[in-house]
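Working notes, beginning with the structure itself.
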Amino acid sequence: MAYDKKILSAARRELERERTARAEALEERRRSVYAELPRIRAIDRRLSMTAAGVLKAALESGDDPTAAIERLREENLGLQKERAALLRDAGLPADYLTDKPFCPLCGDSGYVGSAVCACIKERYARLLSEQLSSVLPIHDQNFDSFRLDLYSTRPDGRLGVSPRENMEYNLDECRAYAKSFTAHAPNLLLYGSTGLGKTFLSTCVAEAVSARGFSVAYDTAINIVATYETLKFGNGDGAAAAERAARYERAELLIIDDMGTEMGTAFTVSALYNLINNRLMARRPMIVNTNLLPESFSEKYSPAVASRLLGEFLPLRFFGEDIRLMKKRL
């Protein structure tokens, strides 16, 4: 998995803040206990000197330091028992002054050996979802909330299947895609009229893939073209545009929504072609949503764009009544 450096850094900073807060809370507990139970302060001071005492005993004995080390060990255990008893008598747990890391696997370092620890991966996945939720309603639009009952069971005269049967297939395909998604997953082309669930299903995939820790960039074709126009012609916030373009190009999954609604200019065709082609060359997966039918791709764009959309994407067709309008009538 390729990590988004900014989000990974944010996850590390979050862990560090928690570690600092825990250390400060422990120190505050320690000060309070020392004020109430001075004997525990003396025990802790003695325990901190035990290791130095063991080393000194080994050096001073000149021969076998086993006996001296054993005496120090027994003293250490005795002090620990006394300390625990004092804390229990004060109504506190025996480990009240023990530093307990949030993650026992990495000790809150964030790494197990050279590998990123699961505690960082969990934070990373949550931060990814939070970033995605700022642009998509992923809390409301997910696989569990998808309603097949809104689709007609009456077979289409031309296609031979009903909209519901078709959507059952599309739903299964998208669910399987999200479940098995990898950084080199195939591409999906969701096409059909407006209001049939293309954006909803894409959001479902985005939510599920993001929850597994993969980075997802989601935007409309209009916004994507506007971003590259800003970079090309300098007609806006260049730094913000560069950051958005980097997400489009580097995210492990890019979802281009409403392709076909943008202005059909030479620059538009060039910008979309370059983005799609570069991601295909890098084997970075995409999902494209469009209201266009495949036979009109060449007319709207170019043979090169049409070739990539038809040859490198798994097509999923959507048909039936406008679900948005149907919901309004319910």
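Annotations
- Residue in region 138-171 that is modelled with the lowest pLDDT, counting only those that are within 11 Å of residue 201 (Cβ to Cβ) and not in a loop (DSSP other than H, G, I, E, B): 143
- The number of residues in region 159-212 being among the acidic types (Asp, Glu), touching a residue at least 60 places away in the same chain (Cβ under 8 Å) and surrounded by fewer than 21 Cβ atoms within 10 Å (Cβ to Cβ) comes to 1.
- Among the residues of region 261-291, the one identified as crowded, with 18+ Cβ neighbours inside 10 Å and either among the small types (Gly, Ala, Ser) or not assigned by TED's automatic domain parsing to the domain that holds residue 308 (or both) is 271.
- Residues that are under 21 Å from the mean Cα position of the chain (by Cα) and free of Cβ contacts under 8 Å to residues at least 40 places away in the same chain within region 252-269 comprise 254, 256, listed in sequence order.
- Filter pass, residue 195 being in the same structural domain as residue 274 (by TED's automatic domain parsing), at pLDDT below 95, under 19 Å from residue 132 (Cβ atoms) and in a loop (DSSP other than H, G, I, E, B): no
- Residue 297 meets the conditions (1) out of contact with any strand residue (DSSP E or B) (no Cβ under 8 Å at 6 or more places or on another chain); (2) touching a residue at least 24 places away in the same chain (Cβ under 8 Å); (3) of a type in the set (Phe, Trp, Tyr) in every case but one. The failed one is (2).
The values are calculated or read from the model by the stated rules, or taken from the named source; none is laboratory data. None of these values were measured; they are calculated from a predicted model. Cβ sites come from the backbone with ideal geometry, for glycine too, and all protein chains shown count toward neighbours.
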